[in-house]
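We did not get these values from a lab; they are worked out from the coordinates using the rules stated. Fair warning: this is a prediction, and the values are worked out from it, not measured in the lab. Cβ sites come from the backbone with ideal geometry, for glycine too, and all protein chains shown count toward neighbours.
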Ligand SMILES: Cc1ncc(COP(=O)(O)O)c(C=O)c1O
């Protein structure tokens with residue numbers, strides 16, 4: 001038994017306030033000694049106060065959903081030979097421990113103490129009921145959001161940046177390179193690298209580099225070197241610039257540049273902010289915390305919603321809930337939301353494709369628009385990726401989740417409603433989750449159902465205000481998706497039998 005101090009104070013007939021301070025975590029959760037927090041348990045009486053759950057504990061394990069899937073996901077393939085990938089094929093890119101995690105079938109993987117110690121800077125993150133948004137929408141639905149914007153970089157991305165850099169540091173790696181779309185991932189890796197003393201170099205997608213100068217400055221403040229992508233530093237970048245000197249870039253191009261640099265330099269490894277199994281694994285701290293927080297509030301989600309770029313914040317929240325559903329304990333609808341301008345799940349094909357434009361990464365079976373598809377420069381830079389995480393694609397094929405696409409004007413309309421009722425200004429990416437949650441809440445208004453809607457609020461938009469300015473000035477447009485452009489790009493994916 002861990003020593004603990006528990007207390008419960010009745011402040012009003014409507015609420016009981018319960019708090020607990022633990023000196024040591026139990027086997028699955030770790031107390032945060034920096035925090036003395038309360039779990040507010042709402043009694044079944046109506047109240048105007050906002051139920052707000054801040055867990056006292058950080059999970060001690062990441063959850064690997066592969067262990068619980070009835071059919072295992074297809075293997076990655078070597079980009080040249082098309083043979084199933086072997087661990088050594090990845091060793092120029094990743095440290096051994098991450099390669100092990102990428103291929104692991106173990107259900108739970110221990111989070112190293114050093115990583116938990118950094119997580120303590122912002123975890124556990126709050127779960128908040130959006131009562132004011134519910135009121136604005138006049139809906140009987142109850143809307144909750146799990147807020148990851150409290151991390152130093154402002155999103156969920158440090159949940160994986162910290163362990164990725166830590167495992168590299170353990171193996172004696174001195175330099176890490178990466179791409180960034182929205183700037184959130186680049187910031188997260190720069191932040192984590194500064195903690196563990198590694199050099200960090202980031203290729204920031206040109207459209208985002210121009211739209212978000214403060215993200216670049218944040219990365220530089222944490223000590224990283226930042227290049228716009230496509231850049232003239234790499235062969236992959238030069239090839240794109242020759243074809244289109246004004247290319248807005250894409251995540252696929254920026255990944256090629258970083259992977260190329262890691263491949264050419266023995267002392268340099270590559271880090272990825274989404275898509276791969278180990279990245280999704282690290283993000284499951286979100287869902288593990290959230291399950292406990294929902295329980296504390298006495299709630300069970302009917303619908304769980306998250307935006308998907310490569311899929312990591314969505315997976316992080318949803319995978320632990322899918323585990324509970326597979327056990328038969330709950331039965332929520334799980335819904336991914338993507339931009340209509342880059343709809344890999346809803347419009348793409350399920351096929352083996354490269355993760356990057358220059359065809360340097362392994363082949364992964366995923367929903368893809370084609371590795372050389374360059375999405376129009378929507379404001380959600382983090383959702384401009386041609387493919388979906390292979391694990392999410394597989395789970396989608398198994399029928400455990402659904403997907404929809406929403407255009408950006410509807411997303412920003414929802415974000416403004418959210419900001420003006422709940423206060424938080426969301427990053428452009430989670431505005432997709434907000435718009436979908438609003439659609440669901442308005443359906444509830446029509447049907448009279450009081451569903452519990454849970455959404456992933458994966459980051460704040462403090463450095464994305466030019467996008468809000470466009471919306472507020474009425475200058476935002478919905479960029480249309482071109483089937484022809486997708487078909488042209490799909491013609492270039494490898495055709496494997
Ligand atoms: C705030 C935010 N949300 C979501 C995403 C999309 O990535 P993922 O689908 O991996 O969560 C990004 C990517 O950069 C992001 O910065």
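The calculated FRET efficiency for residue 233 paired with residue 442, based on their beta-carbon distance and R0 = 51 Å, is about 0.60. In plain terms, the chain from residue 477 to residue 114 could stretch by 126.2 nm, reckoned as 0.36 nm per residue minus the Cα-Cα distance. Arranged from fewest to most other beta-carbon atoms within 10 Å of their beta carbon, 147, 468 become 468, 147.
Projecting label points 7 angstrom from Cα along Cα→Cβ for residue 267 and residue 300 puts them 5.7 nm apart.
Calculate log10 I(q)/I(0) of the chain for q = 0.06, 0.11, 0.14 Å⁻¹, where I(q) comes from the Debye formula with a single equal point scatterer on each Cα and nothing for solvent. Here log10 of I(q) over I(0) equals -0.25, -0.87, -1.46.
By other beta-carbon atoms within 10 Å, ranking 334, 425 with the fewest at the front produces 425, 334.
With N counted as the residues of the stretch 160-205, its alpha-carbon radius of gyration over 2.2 N^0.38 Å works out to 1.03. Take every DSSP beta bridge whose two residues both sit in the chain; close to 50 percent of them are antiparallel. Site pair residue 122 and residue 67 shows an inter-label distance of 2.7 nm when each label is modelled 7 Å from Cα along Cα→Cβ. With a Förster radius of 35 Å applied to the beta-carbon distance between residue 96 and residue 225, the computed FRET efficiency rounds to 0.85.
Taking other Cβ atoms within 10 Å as a rough exposure proxy, 397, 260 sort from fewest to most as 397, 260. Taking only the C-alpha atoms of the stretch 419-497, Rg followed by Dmax gives 18.1, 52 Å. For the chain, the relative contact order is 16 percent, taking Cα pairs closer than 8 Å that sit 6 or more residues apart in sequence and dividing their mean separation by the residue count. The stretch 81-119 and the stretch 297-332 have Cα centres spaced 24 Å apart.
For the peptides 130-140, 472-482, 411-421, the ranking by mean Cβ contacts within 10 Å, running from highest to lowest, is 411-421, 130-140, 472-482. Of interest is the spacing of the C-alpha centroids, which for the stretch 164-230 and the stretch 401-440 amounts to 27 Å. Helical content alone sets the calculated 222 nm signal of the chain at -10500 deg cm²/dmol, taking -39,500 (n - 2.57) per DSSP H segment of four or more residues and averaging over every residue. Nearest 0.05, what FRET efficiency do residue 420 and residue 80 give at R0 = 60 Å with Cβ-Cβ as r? It comes to 0.70.
Each of residue 199 and residue 492 was given a label point 7 Å from its Cα along the Cα-to-Cβ line. The distance between the two points is 3.2 nm.
Hey, if you drop one equal point scatterer on each alpha-carbon of the stretch 97-247 and run the Debye formula without solvent, what base-10 log of I(q)/I(0) do you get at q = 0.12, 0.17, 0.21 Å⁻¹? Computed log10 I(q)/I(0) values: -0.65, -1.01, -1.23.
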